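> Got a structure for you, questions after.
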Amino acid sequence: MKKFNITNPMFFDLEKIGLIDKERVSLFHNKTRDGNYNTLIDDHSGVIFLEESNINKKHYEDSSGSIFSKYFKKHGYFEDDLRRFKSIRVDVEKSKYVLDVGSDWGGFLKLAKKSAKKIEGVELNHAAVDYVEKNISVKVHKDIEFLEEMPDLITLFHVLEHLPNQIDFLKTLYKKMKPGGTIVIEVPHANDFLLKEILLPEFRDFILWNEHLVLHTEQSLDSIIQSAGFINSSILHIQRYGFLNHFGWFLDKKPYGHIRYASRYNEELDKAYCNSMEKNKTSDTLFCIANKP
């Protein structure tokens with residue numbers, strides 16, 4: 001078996017809690033969207049992770065961040081922001097203080113602001129912080145250490161997979177949170193149908209990314225959450241990209257099929273397709289809610 005020079009901190013985190021063993025590791029893919037970086041897989045747990053970690057804090061501070069879509073320009077939030085808000089609206093309304101960690105361009109903050117008694121963000125990207133504070137009028141911290149109050153609801157939407165020391169980070173959030181508080185985490189899923197079950201190199205070239213240090217399985221996500229002290233974790237499977245997106249990959253071997261073939265959209269077909277992915281636990285996304293005792 002080939003030996004790899006693993007320097008990704010997430011490997012060592014997951015090794016400590018028994019989810020990864022270097023004797024079970026093999027090459028999953030030899031490219032990412034941004035370079036020739038090896039992506040490895042633990043053949044037992046199914047966790048996918050980068051061999052190396054090359055991204056530093058300054059990269060996120062200076063990055064141009066998300067590109068505003070036509071939808072964002074019209075509404076001030078992304079469609080995913082709306083889905084997330086709708087799914088936890090009750091939690092937002094009953095919380096005294098909501099903290100969105102990795103708040104990006106503030107789409108979720110804008111939606112939740114109308115229902116939250118108090119809401120703030122945490123974001124490294126300078127441009128995003130300026131945009132949110134000027135256009136949404138929500139305070140954004142550049143580090144969780146600067147919090148002056150304990151939130152009772154913390155959200156992390158597609159943030160965790162970027163962090164090198166996830167258990168320690170979650171432990172810090174745990175300490176900052178009020179007893180009885182709730183944490184909501186959304187991450188990409190290692191058992192994504194197109195990633196794991198379909199041999200499509202073009203999809204792997206596109207979806208694997210040097211910023212995503214690890215792609216979690218349901219088991220690995222639950223394990224790191226419990227390792228940080230959270231309890232009562234409930235993990236849902238969410239399929240963000242529907243039939244036309246996958247159709248585009250099968251037919252053209254490239255992304256954005258849901259845009260190219262938008263005229264062929266059928267709500268009933270798309271819903272059934274996504275439900276099938278979620279039921280079979282081959283969705284592209286995991287959505288977790290857990291609590292602090």
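> For region 204-215, which positions are touching an Asp or Glu at 6+ places or on another chain (Cβ under 7 Å) and buried (at least 18 other Cβ atoms within 10 Å of the Cβ)?
TRP209, HIS212, LEU213, VAL214, LEU215 - these are the residues of region 204-215 that are touching an Asp or Glu at 6+ places or on another chain (Cβ under 7 Å) and buried (at least 18 other Cβ atoms within 10 Å of the Cβ).
> Just to be sure I understand the filter: pairs with C-beta atoms under 6 Å, separated by 6 or more residues or on different chains, first member in region 272-293 and closer than 19 Å to LEU195 by Cβ, second member among the basic types (Lys, Arg) and open to solvent by 20 Å² or more (accessible area, probe 1.4 Å). Which pairs pass?
Short answer, once both residue conditions are applied: ASP284/ARG240; THR285/ARG240.
> Here's something else I'd like to know. Here is a check on your reading of the model: is PRO179 touching a residue at least 60 places away in the same chain (Cβ under 8 Å), within 30 Å of ILE17 (Cα to Cα) and part of a loop (DSSP other than H, G, I, E, B)?
So PRO179 passes the test.
> Okay, moving on. Please work out if PHE12 is open to solvent by 40 Å² or more (accessible area, probe 1.4 Å) and part of a loop (DSSP other than H, G, I, E, B).
When the stated conditions are applied, PHE12 does not pass them.
> Then there is this: Could you look through region 239-268, keep only residues that are of a type in the set (A, V, I, L, M) and either out of contact with any helix residue (DSSP H, G or I) (no Cβ under 6 Å at 6 or more places or on another chain) or open to solvent by 80 Å² or more (accessible area, probe 1.4 Å) (or both), and pick out the one that is nearest to LEU160 (Cα to Cα)?
By that ranking, first place goes to ILE259.
> On to the next question. For region 125-169, how many residues meet the condition of being open to solvent by 40 Å² or more (accessible area, probe 1.4 Å), of a type in the set (A, V, I, L, M, F, W, C) and within 24 Å of LEU14 (Cβ to Cβ)?
Adding up the residues that qualify gives 1.
> Please enumerate the residues belonging to region 134-157 that are over 16 Å from LEU99 (Cβ atoms) and either touching a helix residue (DSSP H, G or I) at 6+ places or on another chain (Cβ under 9 Å) or among the hydroxyl-bearing types (Ser, Thr, Tyr) (or both).
Residues satisfying the conditions are ASN135, SER137.
> Tell me, yes or no, whether region 183-194 has at least one residue that is part of a helix (DSSP H, G or I) and either charged (D, E, K, R) or in contact with a helix residue (DSSP H, G or I) (Cβ under 9 Å, 6 or more places away or on another chain) (or both).
Within region 183-194, one or more residues are part of a helix (DSSP H, G or I) and either charged (D, E, K, R) or in contact with a helix residue (DSSP H, G or I) (Cβ under 9 Å, 6 or more places away or on another chain) (or both).
> With TYR60, TYR71 as the choices, which residue is open to solvent by 40 Å² or more (accessible area, probe 1.4 Å), in contact (Cβ under 8 Å) with a residue 40 or more places away in the chain and outside any loop (DSSP other than H, G, I, E, B)?
Sole residue among the options that is open to solvent by 40 Å² or more (accessible area, probe 1.4 Å), in contact (Cβ under 8 Å) with a residue 40 or more places away in the chain and outside any loop (DSSP other than H, G, I, E, B): TYR60.
> Here's something else I'd like to know. In region 138-169, which residues are touching a Leu at 6+ places or on another chain (Cβ under 7 Å) and charged (D, E, K, R)?
LYS142, GLU161
> Let me ask something else about it. Of the conditions (1) in a strand (DSSP E or B); (2) under 16 Å from PHE157 (Cβ atoms); (3) open to solvent by less than 50 Å² (accessible area, probe 1.4 Å), LEU236 clears all except one; give me its number.
(3)
> Now, a different point. Within the set of pairs 6+ apart or on separate chains, which have a first residue in region 115-133 that is over 16 Å from VAL101 (Cβ atoms), a second that is at pLDDT 95 or above and part of a helix (DSSP H, G or I), and C-beta atoms under 8 Å apart?
Qualifying pairs under 8 Å: SER115/ARG89; SER115/VAL92; SER115/GLU93.
The values are calculated or read from the model by the stated rules, or taken from the named source; none is laboratory data. Please read all numbers here as calculations on a predicted model, not as lab measurements. For neighbour counting, all protein chains shown are included, and Cβ atoms are generated from backbone atoms with ideal geometry for every residue, glycine included. Note: areas computed on protein heavy atoms with side chains; ligands, DNA, RNA excluded. Shrake-Rupley method; radii C 1.70, N 1.55, O 1.52, S 1.80 Å.
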